[in-house]
1. Output the residue which, of all residues in the stretch 90-102 that are in contact with a helix residue (DSSP H, G or I) (Cβ under 9 Å, 6 or more places away or on another chain) and in contact (Cβ under 8 Å) with a residue 40 or more places away in the chain, is nearest to the ligand (Cβ to nearest atom).
2. Are there any pairs with C-beta distances below 6 angstrom linking a residue in the stretch 18-31 that is over 17 Å from Gln53 (Cα atoms) and open to solvent by 10 Å² or more (accessible area, probe 1.4 Å) to a residue that is part of a loop (DSSP other than H, G, I, E, B) and within 9 Å of the ligand (Cβ to nearest atom), with the two at least 6 apart or on different chains, and if so which?
3. So how many residues does the stretch 206-216 have that are in a helix (DSSP H, G or I) and either among the β-branched types (Val, Ile, Thr) or loosely packed, with under 15 Cβ neighbours inside 10 Å (or both)?
4. Against the conditions (1) in contact with a helix residue (DSSP H, G or I) (Cβ under 9 Å, 6 or more places away or on another chain); (2) in contact (Cβ under 8 Å) with a residue 24 or more places away in the chain, where does Lys46 fall short? Just the number, please.
5. Going through Leu92, Leu69, Leu77, Leu99 one at a time, which residue ends up being part of a loop (DSSP other than H, G, I, E, B), of a type outside the set (Phe, Trp, Tyr) and open to solvent by less than 20 Å² (accessible area, probe 1.4 Å)?
6. How about the stretch 251-267: which of its residues are under 22 Å from Phe68 (Cα atoms) and part of a loop (DSSP other than H, G, I, E, B)?
7. For the stretch 205-259, which residues satisfy the criterion of being closer than 19 Å to His29 by Cβ and polar (S, T, N, Q)?
8. Please indicate, with yes or no, whether at least one residue in the stretch 259-269 is hydroxyl-bearing (Ser, Thr, Tyr) and either out of contact with any strand residue (DSSP E or B) (no Cβ under 8 Å at 6 or more places or on another chain) or open to solvent by 30 Å² or more (accessible area, probe 1.4 Å) (or both).
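The values are calculated or read from the model by the stated rules, or taken from the named source; none is laboratory data. Only a predicted model underlies this, so the values are computations on that prediction, with no experimental measurement involved. Using ideal geometry, Cβ is built from the backbone for each residue, glycine included, and neighbour counts are taken over all protein chains shown. Please note that ligands, DNA and RNA were not included when accessible areas were found on the heavy atoms of the full protein model with its side chains. Shrake-Rupley method; radii C 1.70, N 1.55, O 1.52, S 1.80 Å.
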Amino acid sequence: MAMQNKIKPSAAPIGVFDSGVGGISVLKHIRELMPQENLIYVADSKHAPYGNQTPDFIQERSYQLAEFLLKRGVKALVIACNTATAAAAAGLRERYPDLPIIGMEPAVKPAVAATKTGVVGVLATSGTLKSAQFAALLEHYGQGVEVVTQACIGLVECVEKGELTSPSTLALLKKYLEPLLNANADTIVLGCTHYPFVRALIEGLVGNNVVLIDTGAAVAKHLKSRLQDNQLLSASDELGNVEFWSNNEAVDTEVVVSALWGAKVSVAPLI
Ligand code: DGL
């Protein structure tokens, strides 16, 4: 059993991690909702995509990233990754029972509430779609509608390279959206935090009559209420710091992270 984490004071940073740069889509919502919070983002890009890895591997990586963030004194942990939440959220909560830990899962519930055709599409990694947690989610909320799932192999890699509008990204999306559109899905869940970065391409392919749902904003709201409940919200009036860490050796990480974040940032090497 790992050492228990003591609740940190409100000025401490919030730790956010993902298999790579996808979780920046969640980080943006956190920043927008709570600009005064200090944030530390960790991208485990060297090991992305998690979607093709075993649950044990993802759990082990998640433990290491959590340790890294806890050493930096984080007061809360956001697993900005659907795949890692399925594999590691329960284990992390057991290890750190006093730490607010926010995970995420594909937004099946709001999608089922929103559909008019009775067909919901879910785009996610194969790891998420194969998980027991996703099966339970469907069991709970997917009754009475048809849920068409699609694993988007290769899409995370496109986002990791910063290829948000390239012909190969477009071709992949066309292939993955076709079965959903053929089934008459009018609501599509973006069940991986990398996918909001290709939202514009998806919108162009599905047209105006299909609603896209992702959970970034809901995660930020949930995080805020957990911090509030624990008296951990920052009391500062100033804009918080945002720190980025990554172990990506394959691309110019600062260029990709800056493009996704929407401002020039530096990225520290994650060993
Ligand atoms: N961004 C992640 C998710 O939300 C994982 C992508 C991956 O590494 O496969 O599922």
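1. Here the residue is Ile102.
2. Ser25/Thr193
3. Residues flagged as in a helix (DSSP H, G or I) and either among the β-branched types (Val, Ile, Thr) or loosely packed, with under 15 Cβ neighbours inside 10 Å (or both) within the stretch 206-216 amount to 1.
4. (1)
5. On the way: Leu92 fails: part of a loop (DSSP other than H, G, I, E, B); Leu69 fails: part of a loop (DSSP other than H, G, I, E, B); Leu77 fails: part of a loop (DSSP other than H, G, I, E, B).
Unique residue meeting the criteria: Leu99.
6. Val265, Ser266
7. Thr215, Ser225, Gln228, Ser234, Asn241, Ser258
8. Here is the first cut: in the stretch 259-269, the ones hydroxyl-bearing (Ser, Thr, Tyr) are 266.
From what is left, the residues that are either out of contact with any strand residue (DSSP E or B) (no Cβ under 8 Å at 6 or more places or on another chain) or open to solvent by 30 Å² or more (accessible area, probe 1.4 Å) (or both) are 266.
Yes: one or more hits.
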